[in-house]
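Here the structure is laid out as structure tokens; the discussion comes afterwards.
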Amino acid sequence: MIPFIYSCRNLLRRPGQSVQLISGSSLVVILVMLAASMNQAMERTLAQTGDSRNVILLGAGSEESVERSEVQSGLDQIVAGSIPGIIQTMEKPAISPEIHFNGILNNNGIKSQALVRGVRHEALWVHKGIRILKGRFPESGEIMIGRLAHHKLGLENSALQVGKMVELSGEELKISGVFDAIGTVMEAEVWVPLQDLMTYTQRDKLSCVVVALASTDFIPDLDAFTKQRLDLELVAIQETQYYAKMSRFYAPIRWMAWLCAILLSIGALFGGLNTLYAAFSARIQEFGAMQAIGFTRKAILLSLIQESCVTGFIGSICSFLIVLGMLQDIAFPFSIGVFILDFNSPILVLGLGTGIILGVLGGLPPAWNCLRKSLPETLRSS
């Protein structure tokens with residue numbers, strides 16, 4: 001066996017080529033980890049959104065998008081008098097009539113698409129993960145901002161603090177509070193009093209009604225209600241199932257991220273192959289001399305693959321420093337919310353494995369090509 005230190009020294013003999021290979025490997029590893037982190041963040045956020053005991057009543061045929069749903073105003077009162085098992089808070093049923101609306105929010109001339117939810121105070125009883133961090137629940141003429149909404153809107157966080165004024169649907173509104181809902185898509189939303197939003201958008205119908213049940217055992221009662229009241233044209237879906245469907249709906253986009261990472265990896269691999277072909281070809285006489293003093297082709301082949309793997313390993317370490325130092329906990333805005341990138345241990349292991357695999361795949365073909373010649377031919381090579 002050829003000592004491992006020999007492979008390491010060869011990298012220092014040609015620093016320009018080594019830096020090129022390490023940079024290419026690092027770029028590929030970053031792209032692979034970024035794709036993995038984006039996919040994981042989207043899946044995790046959608047999985048954490050919702051409560052299995054909450055049921056959304058939507059207009060029939062609108063199961064895929066609450067924004068397109070329409071149900072009659074006053075449905076919450078009908079449901080409260082018809083369904084058993086609804087959680088009671090302060091002697092009132094935990095039912096949240098809501099409007100979900102993609103509106104344009106104007107902040108000092110900067111217009112952005114906002115995820116707007118029209119709600120009443122009962123929404124805090126239904127969506128139990130909501131915590132008001134600053135200020136209070138909005139009254140008429142006010143709005144409440146999710147703590148990650150500024151990422152979705154492309155604004156500075158300072159522009160959406162309590163007391164600031166913004167424009168929504170042509171109306172000047174005051175920010176009354178900031179809320180969070182850790183790990184859910186709701187953290188990127190803008191909450192508006194329901195009656196105000198119905199006035200601003202000139203709507204007389206709701207998007208949905210969310211019902212908080214004491215137990216999932218009462219869900220069949222709600223299903224039976226939607227089947228009995230055909231005049232209401234309703235469909236009932238668990239809140240967690242709704243967001244699971246949304247996750248499946250966006251699966252093609254997640255696969256596109258993987259596809260882009262794979263294609264770029266293939267391009268970088270071919271670039272590395274060309275560099276290593278040139279580097280190993282220039283050392284053919286060196287390989288012949290090593291065979292002449294007793295080293296086998298297998299030992300030389302393994303040594304060359306080690307060189308390539310070392311560059312992949314160093315590239316992975318460099319990529320770890322970059323993603324953990326610059327991309328960790330970065331907010332990634334998307335159409336349905338904001339996702340927080342997290343480069344956890346499994347993703348780092350994936351990155352390290354990618355770097356090593358690139359080293360093997362990039363080093364094996366050029367190394368084998370240079371060692372195919374016979375010893376006399378190798379020694380005569382110039």
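Readers should treat all values here as calculations from the given coordinates under stated rules, not as data from a laboratory. These numbers come from a predicted model, not from an experiment. Here Cβ is always computed from backbone atoms with ideal geometry, including for glycine, and neighbour counts include all displayed protein chains.
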Interatomic Cα distance distribution for segment 1-82, bins of 5 angstrom, percent: 2, 10, 9, 11, 10, 8, 7, 6, 6, 6, 4, 5, 6, 4, 3, 3, 1
Helix 15-48 vs. the chain, principal-axis angle (Cα, 0 to 90°, nearest 10): 20 degrees
The chain, relative contact order [Cα under 8 Å, separation at least 6], %: 28 percent
Degrees, to the nearest 10: 4-13 long Cα axis against longest axis of the chain: 90 degrees
Packing-based exposure ordering (other Cβ within 10 Å, fewest first) of His127, His100: His100, His127
Neighbour-count ranking [beta-carbon atoms within 10 angstrom, fewest first] of Lys227, Lys245: Lys227, Lys245
Cα Rg, Dmax (largest Cα-Cα span) when computed across the chain, Å: 29.6, 95
Thr89 long-range amide H proximity, modeled H, under 5 Å: Ala94
Nearest-ten-degree value, helix 345-370 long axis tilted from longest Cα axis of the chain: 30 degrees
Computed lengthening from Ile266 to Leu364, 0.36 nm per intervening residue step minus Cα-Cα distance: 33.8 nm
Cut-off 15 Å between beta-carbons: net charge of the residues surrounding Gln72, Lys and Arg +1, Asp and Glu -1: -3
Per-residue [θ]222 nm for the chain (sum of -39500 (n - 2.57) over DSSP H runs n ≥ 4, rounded to 500): -15500 deg cm²/dmol
In the chain, lysine pairs closer than 17 Å at Cα, eight or more apart or cross-chain: 8
Per principal axis, descending, Cα span of segment 54-214 in whole Å: 47, 29, 27
